[in-house]
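Enquirer: Let me give you the structure first, and then I'll get to my questions.
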Amino acid sequence: MEIKKVAVIGSGAMGSGIAYVCAARNYEVSIVEVNKKLLAKGIKRIREMIVEGVNRGKLTPREAEETLKRVKGTTSITEAAKDADIIIEAVYEDINVKKEVFQKLDETCPNHTILASNTSALSITELASATKRPNKIIGLHFFNPPYAMKLVEVVLGAQTSEETRRIADDFARALGKETVTVKDSPGFIVNRLVLPMLNEAAYLVYEGKTSIENVDKAATLGMNFPAGPFRLADFVGLDIALAVLENLHQAFGEKFKPCPLLVEKVKAGHLGLKTRKGFYDY
Ligand SMILES: NC(=O)c1ccc[n+]([C@@H]2O[C@H](COP(=O)([O-])OP(=O)(O)OC[C@H]3O[C@@H](n4cnc5c(N)ncnc54)[C@H](O)[C@@H]3O)[C@@H](O)[C@H]2O)c1
């Protein structure tokens, strides 16, 4: 099956970024939001990425114009799903919200359509259970920001078929990404590695052993990381980091118990860069 049309559900940080990457690689893209206001915000974000693409020399002005033309915004999931070959879901990291979206997509899109989730840690097998096509459900986990980050984790649910894996993997590569395949399991590869580090960083500060700045300085200068764990968490969003950690805690036990420092930040609505306040002020 050749993928020509893509639908992206959710035009937040990830959905708009994924839609941009697809459109820049010549795919027709429909992007769906819950209301017109949020949709306009998502489309504005895509426009900004296109302008940035021109500024970085990745797109010519003509390519920029064509890229924008390939993106259609809608608030109707049915409209976007009706002729899509692959759909990438990027709504809130909430299993019930995602299951509802998958059920609706399953009912409205053609039989051949592959349904992918950009979830950071939720179970692909469980999402598949909301549909009658579990063999066509897969995880395509992009990283933030999708235009800059090279990796896509390809996550196999218990019933994902080899054909679905191959088509989804080829699609991710056609977007210019490198892929790694992993069986469905909380945190997949990257988040299972990175979240315990953030949690330990938070405990170091919570226990009064050192400061946020010192932890980030140690990670960047002592381990050559491009950003320390606190700066990275602010960038990802502390709500998302906590949701993934809670998932890992549930699956693997006490060693992943979220640090109260992180829990308190989320309760206070200090979610990082997107709220201009997290571990740092912006
Ligand atoms: N932020 C990251 O760094 C990152 C990285 C990788 C994966 N993810 C995952 O990507 C997904 C989205 O994350 P985000 O950071 O873009 O979140 P976000 O909150 O920025 O965006 C989510 C968007 O989905 C929309 N939405 C919710 N329900 C919807 C529905 N039924 N139909 C259409 N739109 C709907 C919301 O209105 C919102 O605009 C999550 O599953 C998250 O775990 C996030």
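The values are calculated or read from the model by the stated rules, or taken from the named source; none is laboratory data. The model shown is predicted, which means the values in this text are computed figures rather than measured ones. All Cβ positions, even for glycine, are placed from backbone atoms using ideal geometry, and neighbour counts span all protein chains on display.
Enquirer: For the stretch 84-126, which residues satisfy the criterion of being among the acidic types (Asp, Glu) and either in a helix (DSSP H, G or I) or farther than 13 Å from residue 138 by Cα (or both)? Give the derivation first.
Expert: So in the stretch 84-126, the residues among the acidic types (Asp, Glu) come out as 85, 89, 93-94, 100, 106-107, 126.
Once the filter is applied, which keeps residues that are among the acidic types (Asp, Glu) and either in a helix (DSSP H, G or I) or farther than 13 Å from residue 138 by Cα (or both), the stretch 84-126 yields 85, 93, 94, 100, 106, 107, 126.
Enquirer: Run down 246, 213 and say which single residue is in a helix (DSSP H, G or I), surrounded by 13 or more Cβ atoms within 10 Å (Cβ to Cβ) and away from the ligand (no atom under 16 Å from the Cβ). Outline the logic, then answer.
Expert: On the way: 246 fails: away from the ligand (no atom under 16 Å from the Cβ).
The unique qualifying residue is 213.
To keep it simple, each residue is scored yes or no on (1) closer than 21 Å to residue 25 by Cβ; (2) outside the structural domain of residue 130 (by TED's automatic domain parsing); (3) in contact with a Gly (Cβ under 9 Å, 6 or more places away or on another chain); (4) at pLDDT 95 or above.
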position: 67; (1), (2), (3), (4): yes, no, yes, yes
position: 72; (1), (2), (3), (4): yes, no, no, yes
position: 79; (1), (2), (3), (4): no, no, no, yes
position: 89; (1), (2), (3), (4): yes, no, yes, yes
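Enquirer: Looking only at the stretch 258-274, which residues are under 20 Å from residue 207 (Cβ atoms), among the charged types (D, E, K, R) and surrounded by 14 or more Cβ atoms within 10 Å (Cβ to Cβ)?
Expert: 265 - this is the single residue of the stretch 258-274 that is under 20 Å from residue 207 (Cβ atoms), among the charged types (D, E, K, R) and surrounded by 14 or more Cβ atoms within 10 Å (Cβ to Cβ).
Enquirer: Taking only pairs six or more apart or across chains, which ones have beta-carbon atoms under 8 Å, a first residue in the stretch 4-23 that is free of Cβ contacts under 8 Å to residues at least 40 places away in the same chain, and a second residue that is more than 6 Å from the ligand (Cβ to nearest atom) and among the basic types (Lys, Arg)?
Expert: Here the result reads 16/45, each pair linking the stretch 4-23 to a residue that is more than 6 Å from the ligand (Cβ to nearest atom) and among the basic types (Lys, Arg).
Enquirer: Suppose the filter is in the same structural domain as residue 168 (by TED's automatic domain parsing) and within 12 Å of the ligand (Cβ to nearest atom); does residue 55 pass it? First the steps, then the outcome.
Expert: On the way: in the same structural domain as residue 168 (by TED's automatic domain parsing): yes; within 12 Å of the ligand (Cβ to nearest atom): no.
Judged against the criteria, residue 55 is not a match.
Enquirer: Taking the stretch 221-238 only, how many residues are free of Cβ contacts under 8 Å to residues at least 60 places away in the same chain and in a helix (DSSP H, G or I)? So that I can check it myself, show each step before the final result.
Expert: Residues of the stretch 221-238 free of Cβ contacts under 8 Å to residues at least 60 places away in the same chain: 221-234, 238.
Keeping just the survivors that are in a helix (DSSP H, G or I) gives 221-223, 229-234, 238.
Number satisfying all stated conditions: 10.
Enquirer: If you don't mind, there's one more thing I want to ask. Residue check: is residue 181 among the polar types (S, T, N, Q), within 13 Å of the ligand (Cβ to nearest atom) and modelled with pLDDT of 95 or more?
Expert: On the way: among the polar types (S, T, N, Q): yes; within 13 Å of the ligand (Cβ to nearest atom): no; modelled with pLDDT of 95 or more: yes.
No; evaluated as a whole, the condition is false for this residue.
Enquirer: Can you pull out the residues in the stretch 131-167 that are more than 27 Å from residue 237 (Cα to Cα) and within 16 Å of the ligand (Cβ to nearest atom)? It would help to see each step written out before you state the result.
Expert: The initial filter retains those residues of the stretch 131-167 that are more than 27 Å from residue 237 (Cα to Cα), namely 131-136, 158-167.
Correct list: 131 only.
Enquirer: Same structure, new question: In the stretch 127-154, how many are assigned to a strand (DSSP E or B), of a type outside the set (A, V, I, L, M) and free of Cβ contacts under 8 Å to residues at least 60 places away in the same chain?
Expert: We begin by selecting, within the stretch 127-154, every residue assigned to a strand (DSSP E or B); these are 137-142, 151-154.
Okay, now just the ones that are also of a type outside the set (A, V, I, L, M), so 139, 141-142, 153.
Now restrict to residues that are free of Cβ contacts under 8 Å to residues at least 60 places away in the same chain: 139, 141, 153.
Residues in the stretch 127-154 being assigned to a strand (DSSP E or B), of a type outside the set (A, V, I, L, M) and free of Cβ contacts under 8 Å to residues at least 60 places away in the same chain: 3 in total.
Enquirer: Do you know which residues across the stretch 18-40 are more than 18 Å from residue 168 (Cα to Cα) and out of contact with any helix residue (DSSP H, G or I) (no Cβ under 6 Å at 6 or more places or on another chain)?
Expert: Those that are more than 18 Å from residue 168 (Cα to Cα) and out of contact with any helix residue (DSSP H, G or I) (no Cβ under 6 Å at 6 or more places or on another chain): 34, 35, 36, 37, 38, 39, 40.
Enquirer: Ok, one more. In the stretch 1-20, what residues are in a helix (DSSP H, G or I) and crowded, with 22+ Cβ neighbours inside 10 Å? Quick ask: steps written out before the conclusion?
Expert: Initially, the stretch 1-20 is screened for residues in a helix (DSSP H, G or I), giving 13-20.
Once the filter is applied, which keeps residues that are in a helix (DSSP H, G or I) and crowded, with 22+ Cβ neighbours inside 10 Å, the stretch 1-20 yields 14, 15, 16, 17, 18, 19, 20.
Yes/no matrix, rows are residues, columns are (1) surrounded by 21 or more Cβ atoms within 10 Å (Cβ to Cβ); (2) closer than 24 Å to residue 37 by Cβ:
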residue: 89; (1), (2): yes, yes
residue: 102; (1), (2): yes, no
residue: 105; (1), (2): yes, yes
residue: 119; (1), (2): yes, no
residue: 135; (1), (2): no, no
residue: 141; (1), (2): yes, no
residue: 152; (1), (2): yes, no
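Enquirer: Under the condition of being modelled with pLDDT under 95 and of a type in the set (Gly, Ala, Ser), which residue from the stretch 91-122 is nearest to the ligand (Cβ to nearest atom)?
Expert: That would be 120.
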